Amino acid sequence: MARAHAQGADASQEEQIPSRPAVLFNRWEEDWSVLADPRVPREPFDELKYIALSSTDPLVYLSLGADYRSRFEANDAPAFGTGSNRNEDYVITRTEVHADLRLGPQIQIFTQLQDDWADWKTMLTPVDQDRLDLEQAFILISEPVDDGTFRLRLGRQQFAFDLQRFVSVRDGPNVRQSYDAVWADYQSGQWKYIAFASHPVQTRDVRPFDDYSGPDLSFSGARVERELAGGSLSAYYAYFTQDNVHFLDARGNERRDILDVRFAGAANGFDWDIETMGQIGQVGPKDVLAWAFGSLGGYTWQDIHWTPRAGLQVDAASGDGHPSSHILGTFNPLFPNGYYLQQAAYTGYVNLIHVKPSLSLHPQKDLTLLFAVASQWRQTTADAVYVMPDTPISGTAGNGSRYTGIYGASRVDWVINRNAAFAVEVDHFDVSDLIQRMGGHDSTYAGVEIKFGW
């Protein structure tokens, strides 16, 4: 009996060994203090993942890390070949290094540098290249309050909401979206309250460390989240300002009041994510009245080989239906993640109706196959067809039918291990007659990507 008791105690002790942290999307959320426990299995360079700064407090430490992503892209018709866009084959590479300083359980100082290159890409945009700049640098203060936790984050940082339809880290392109911001949240039980004020960071890329933010572009708001049985419900109000903007039928300073509501969950094999946003305000002398809707849903057969999931995505966003009126109906997609629609990011989330059935398969736990076909229309023919992020195709406003085109997408995602992942995507878009008359043509995109995080 004594021997059995000892064996039980040893098993219990083994069960209490902390697990190594996973490499997270937000690297600042990782907690490497578990390496203070000598029982945790070691890996190469762990002496840099946990650098103890106190002999008595394991929560006082410095952790270093890095991320690398490289993607080859072949695109025979960016923006469907309209304007000066032409066939390009290139490689985009993003390298990030960070230092995470923990001064106990309540103070964290996180700094991250980025170096983004777009080799062989001749038509550079602000999201393609940013050679050596400050991506994040903030202090986070956490404080227990009553039965919850209050957190205050000050400095350059990244944040995103929900599926990143409208507020994203912009992980798909090369240069991520950062914000010079004040962020405060309080979480207690199933409730979370957020307030933030920010100036989105804009890429300059003339010399190192020249990205900037300013009063000409701001985004602030308040948000509440509630966890439910099998799902979550959230809503937020935001105020967006941008100076000296140009729409097809309005120009001037832009001021938008925004209300967003989202409901997501899963039950009995079904999953769903539904979000709607309304916008009012002004652009120059015109009043804004715009809206958008996004939904993803599906059913997964857990007891069938390869666990197939049949999905349906439906999205819509308003356009300007009456250009001669005093109302501007063109939706502003804010800070979208381009690959929400497809990796090629051909069309923007503006004046859009998008219906996309899909099928996902899992031949192995770490391997996902996705096949999809989608059709697109304009919400109104009075407004243009828009390409990413919100650029109108010249000559399409007021002409042609609503139909924009149809595309097919196929993708393979392979999680190699806890630090590396590989993906391939191929998209082909058959454009409408209207886009062809405006100088565009069918488009094919292929991307091959490798990611590594340490």
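The values are calculated or read from the model by the stated rules, or taken from the named source; none is laboratory data. Since the structure is predicted, the reported quantities are computational estimates derived from the model, not experimental observations. All Cβ positions, glycine included, derive from the backbone under ideal geometry; neighbour counts span all protein chains shown.
If you go through segment 99-123 and keep only what is within 23 Å of the chain's Cα centre (by Cα) and buried (at least 20 other Cβ atoms within 10 Å of the Cβ), you end up with Asp100, Phe110, Gln112, Gln114, Asp116, Ala118.
Only residues that are farther than 22 Å from Arg170 by Cβ and touching a Phe, Trp or Tyr at 6+ places or on another chain (Cβ under 8 Å) were counted across segment 317-352, and they come to 4.
Scanning segment 164-209 for residues that are among the aliphatic types (A, V, I, L, M) and under 30 Å from Glu73 (Cα atoms), we see that the one that is nearest to the chain's Cα centre (by Cα) is Val169. Taking the listed residues Trp117, Trp183, the one that is more than 28 Å from Ser232 (Cβ to Cβ) and part of a strand (DSSP E or B) is Trp117, with no other qualifying.
Remark: pairs (first residue in segment 381-396, under 13 Å from Ile435 (Cα atoms); second residue among the β-branched types (Val, Ile, Thr) and surrounded by fewer than 20 Cβ atoms within 10 Å (Cβ to Cβ); Cβ separation under 6 Å; 6+ apart in sequence or on different chains) are absent. Looking at the structure I just gave you, is Trp301 over 14 Å from Thr330 (Cα atoms), of a type outside the set (Lys, Arg), at pLDDT 95 or above and touching a Leu at 6+ places or on another chain (Cβ under 6 Å)? Taking the combined requirement at face value, the residue does not satisfy it. Scanning segment 325-344 for residues that are free of Cβ contacts under 8 Å to residues at least 60 places away in the same chain and either farther than 28 Å from Ala77 by Cα or surrounded by fewer than 22 Cβ atoms within 10 Å (Cβ to Cβ) (or both) returns Ser325, His326, Ile327, Gly329. Residue count for segment 362-378 satisfying the condition of being surrounded by 15 or more Cβ atoms within 10 Å (Cβ to Cβ) and in contact with a Leu (Cβ under 6 Å, 6 or more places away or on another chain): 1.
Quick grid of which residues meet (1) surrounded by fewer than 10 Cβ atoms within 10 Å (Cβ to Cβ); (2) at pLDDT 95 or above:
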{"site": "Ala4", "(1), (2)": "yes, no"}
{"site": "Gln16", "(1), (2)": "yes, no"}
{"site": "Asp31", "(1), (2)": "no, yes"}
{"site": "Pro38", "(1), (2)": "yes, no"}
{"site": "Pro44", "(1), (2)": "yes, no"}
{"site": "Ala52", "(1), (2)": "no, yes"}
{"site": "Thr56", "(1), (2)": "yes, no"}
{"site": "Gly65", "(1), (2)": "no, yes"}
{"site": "Asp76", "(1), (2)": "no, no"}
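What number of residues within segment 120-152 satisfy the criterion of being assigned to a loop (DSSP other than H, G, I, E, B) and of a type in the set (Lys, Arg)? Total meeting the criteria: 1.
Among the residues of segment 42-101, just one is in contact with a helix residue (DSSP H, G or I) (Cβ under 8 Å, 6 or more places away or on another chain), within 28 Å of Ala421 (Cβ to Cβ) and among the aliphatic types (A, V, I, L, M), namely Leu64.
Listed by first and then second residue, the pairs linking a residue in segment 216-245 that is of a type in the set (Asp, Glu) to a residue that is modelled with pLDDT of 95 or more and part of a strand (DSSP E or B), with Cβ atoms under 7 Å apart and 6 or more places separating them unless they lie on different chains, are Asp216/Gln242; Asp216/Asp243; Glu225/Lys192; Glu225/Ser232; Glu225/Ser234; Asp243/Asn253. Exactly one residue among Trp306, Trp272, Trp291 is closer than 22 Å to Thr347 by Cβ and among the aromatic types (Phe, Trp, Tyr), and that residue is Trp291. Only residues that are in contact (Cβ under 8 Å) with a residue 24 or more places away in the chain and either closer than 24 Å to Phe159 by Cβ or outside any loop (DSSP other than H, G, I, E, B) (or both) were counted across segment 32-48, and they come to 3. Each residue in segment 137-186 was checked for being of a type in the set (Asp, Glu), closer than 23 Å to Thr125 by Cβ and modelled with pLDDT under 95, and 1 pass. Residues of segment 302-315 include none that is surrounded by 23 or more Cβ atoms within 10 Å (Cβ to Cβ) and in contact (Cβ under 8 Å) with a residue 40 or more places away in the chain. Here is a check on your reading of the model: is Gly408 surrounded by fewer than 22 Cβ atoms within 10 Å (Cβ to Cβ) and touching a His at 6+ places or on another chain (Cβ under 7 Å)? Answer is yes for this residue. Within segment 438-452, identify whether any single residue is surrounded by fewer than 17 Cβ atoms within 10 Å (Cβ to Cβ), without any contact (Cβ under 8 Å) to a residue 60 or more places away in the chain and more than 20 Å from the chain's Cα centre (by Cα), and answer yes or no. The answer is no, given that none of the residues of segment 438-452 is surrounded by fewer than 17 Cβ atoms within 10 Å (Cβ to Cβ), without any contact (Cβ under 8 Å) to a residue 60 or more places away in the chain and more than 20 Å from the chain's Cα centre (by Cα). Show the residue pairs that are 6+ apart or on different chains and have beta-carbon atoms under 6 Å apart, the first residue being within segment 146-159 and under 25 Å from Gly189 (Cβ atoms) and of a type in the set (A, V, I, L, M), the second being surrounded by fewer than 16 Cβ atoms within 10 Å (Cβ to Cβ) and at pLDDT 95 or above. Every condition considered, the pairs that remain are Leu152/Ile141.
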